[in-house]
1. Would you work out which of B:342, A:183, B:13 lies farthest towards the positive end of the dipole of the protein assembly as shown, given +1 charges on the beta-carbon of Lys and Arg and -1 on that of Asp and Glu, about the Cα centre?
2. For the stretch B:107-137 and the stretch A:19-79, compute the distance between their C-alpha centroids and round to whole Å.
3. Tell me the mean residue ellipticity at 222 nm calculated for chain B from its helices only (DSSP H runs of n ≥ 4, each -39500 (n - 2.57), averaged over every residue, nearest 500).
4. Of A:146, B:211, how do they rank once you tally other Cβ atoms within 10 Å and put the fewest first?
5. About the Cα centre of the stretch A:229-303, what is the dipole size in debye to 20, counting +1 per Lys and Arg Cβ and -1 per Asp and Glu Cβ, all else neutral?
6. I'd like the Kirkwood hydrodynamic radius of the stretch A:229-303, using the inverse of the mean 1/r over distinct C-alpha pairs, in Å.
7. Considering only Cα-Cα distances, which of the following residue pairs are longer than 30 Å: B:290/B:337; A:15/A:92; A:181/A:278; A:27/A:181; A:115/B:278?
8. Beyond 18 Å, what share of the Cα-Cα pairs of the stretch B:82-157 is found? Please give it as a whole percent.
Amino acid sequence: MYRIRFHGRGGQGVKTASRILGRAFFKEGYDVQDAPRYGAERRGAPIFAYVRASRTPIHERGIIQRPDCIVVVDDTLMPVPAAAILQGCEQKTLVLIISDLPAEKWTHRLQIQGKVLCLPKSVAGKGSPLLWGMACVGAVTRLLGVLSREALTDALRQELVTLDSAAAEQSSSTALQYFDKMAATQIVIQESSPAAATTYTSPRWLDMPMEIGPQTAPAIYAGATSEKLATGLWRTQRPIIDYTVCNRCWWLCSTFCPEGAIHVDSEGFPQIDYTHCKGCLVCLVQCPTHAIQALPEQEASRLSGEEK
Amino acid sequence: MQRELLTGNGAAAWGARLARIEYLPAFPITPQTEIIETLSQWIDSGEMDCRMVTMDSEHSMITAAGAAAVTGVRACTATSSQGLLHGMEMLYTVAGWRAPFVLINVSRGLAAPITLEPDHNDILSARDSSCIQLHCSTCQEVVDHMLIAFRLAESEEVRLPVIVNLDGFYLSFTREVVQLPDPQAADAFLPPYPSSSSLRFRAHEPVSAGVAVLGGSTYSYFRYQAHLASLQALPRYEKICLDFANIFGREYGPLEEYRNEDAQYVFVMIGSYATKAKQAVDSLREAGWKIGLVRPRMLRPYPEAPLCAALQGKKGVAVIDQNISMGKGGILYTELKSALYGHPGAPLLASFIGGLGGRDIKEEEFFEMATVLKQASATATPPPPRLLYTEEEMREMRALQTIAGAIPTVQGESR
């Protein structure tokens, strides 16, 4: 059975990519299961989706624990613990990442056990994050080695039917372009067998102790716990204040910020807390002097030298 | 018959469409909403001839479905979790009216705390409502059981609401390969409602449905009739499944038995997680185990005789409950124990609680449950109930509690 897990952000076509791959397998006569999993249903928030495909009926269900291939549509998610991207990654696992960094960097930085293959952002989908999912599904379909270009073409047509024709065409051509591009690599995603009952590791079950007091209720007693969640990682667009244009009105952007992520310093200038700013851009709309501009997050982090 | 890739929600919507429902009262809730969205698109595009009404709550929604059904209209509706609880008052009421409609429940754990993912405490809260309960484990079963459910609900000797249950996420949002029944074959299987002897609303022949009854004697008659009708739904369901198999070639029944014939050990569970148990059975069989799965599809009426027959002479049975009755334990375990009480040769039962609020049950946990079961059977000592919960999960819990400023005091050792 093939087990493939896609990770990305809401809006990058992660669910669509999984459906296209599922459909391509279906066209080739496989038994198929594909499903998305999301928490916060919001653009920019981490989501993942997975595909199982087999020549025999599939009984496995739910999140894939031991993937044959992990696809990372957005490399800014790699270090986010909550995204759990490398969960179940083994030596035989292929990790396909849309990233401008060389594969060895990722292998070294995150101690990745499997093979790593990087597709440069600048090329993938002509730099638009919205097309990265399409680049990935095209590449994966080819790397499996068992799916035809025709099956992918058919799957794209059926799964992109809700898009307008220009967007569907752009998505399809990106996927097919990456299918073709992968012909040059020798890498093949290997399918694997189910877990064996002879060699399993026993789960470390715990006898649940009885605990007393109001602390056993699902309540949060400590204040300001949401500070600990770096919601800034959800951001796809970054608001940037041009302080030469800001007239220090001192309240508009900070008051309208729904996240409370803008505070005003002692000189009356607003300061954005990028750890928590989700990039909704309400501030940009409110600013009367147009002192706030938006930059795509990737570009902003490159310009500010955050990306190594 | 057309092969398609459908989610559980898509399969439920197709089932309602093939059943040619005429009325769809609706109220949204995750993870069920996609069913209503799909049906509303078909109604909007003219592919379905059906009246859809968005209601103010599940309470009104179930009332409307029941009212339509008793006046001779084929009605369907859908909900999940808190929505089912909110409509609960009327669920009992319309079942008391003997209203034959189909309610799709997409299982999701109950609040508080909140979860979007599945367990069966929502549907089991409707256990004593007189509604028939059919539990699906694949998208194929969902579409097929929609047709079966209407036949069952509308049959003269049953006349009760039927709940078709599917798990949120694991079925609702999971696409699988489905053989879509051919519309003509579906029509042949499911005749139009109502049949000639049914109540049909006519303005010149007024009938009062759901009239008040005061007093225990008359009340007892009606309540016991509903009980007898529910019991009758078991043989009726078996008969309908035979008809279904004749037309569509897929066989169903109150129980699914998977590699159970020569099994010494058995997993018992309901819903979509049961397919995971099938995978575990295959792996364990490969390792030399004689083990199988018995999965009730029908939970109300309770398939007592089939279950006793399927488990007769087994060494041990692991009941995996994706629910919990606080102060008692797993509901399937409790019910199975009562069914087997006093039966000579009844197997040893072991109770496991797992998959609450969508928590996964991993392959190695099935293997471990089998091992625990085998050891317990060897010594004829039932093990204490076991919550599937690991030390690692507890560590993560403690980390969250530290952030929340809530480290509880440990009070002795218990379960």
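Only the coordinates and a few stated rules stand behind these numbers; no lab work does. For clarity, every value in this text was computed on a predicted model and none was experimentally measured. Virtual Cβ from ideal backbone geometry, glycine too; neighbours counted across all protein chains shown.
1. Looking along the dipole axis, the top candidate is B:342.
2. 26 Å
3. Rounded to the nearest 500, it is -13000 deg cm²/dmol.
4. B:211, A:146
5. Computed charge dipole of the stretch A:229-303: roughly 140 debye.
6. 12.3 Å
7. Listed pairs above 30 Å: A:181/A:278; A:115/B:278.
8. So the pairs more than 18 Å apart make up 45 percent of the total in the stretch B:82-157.
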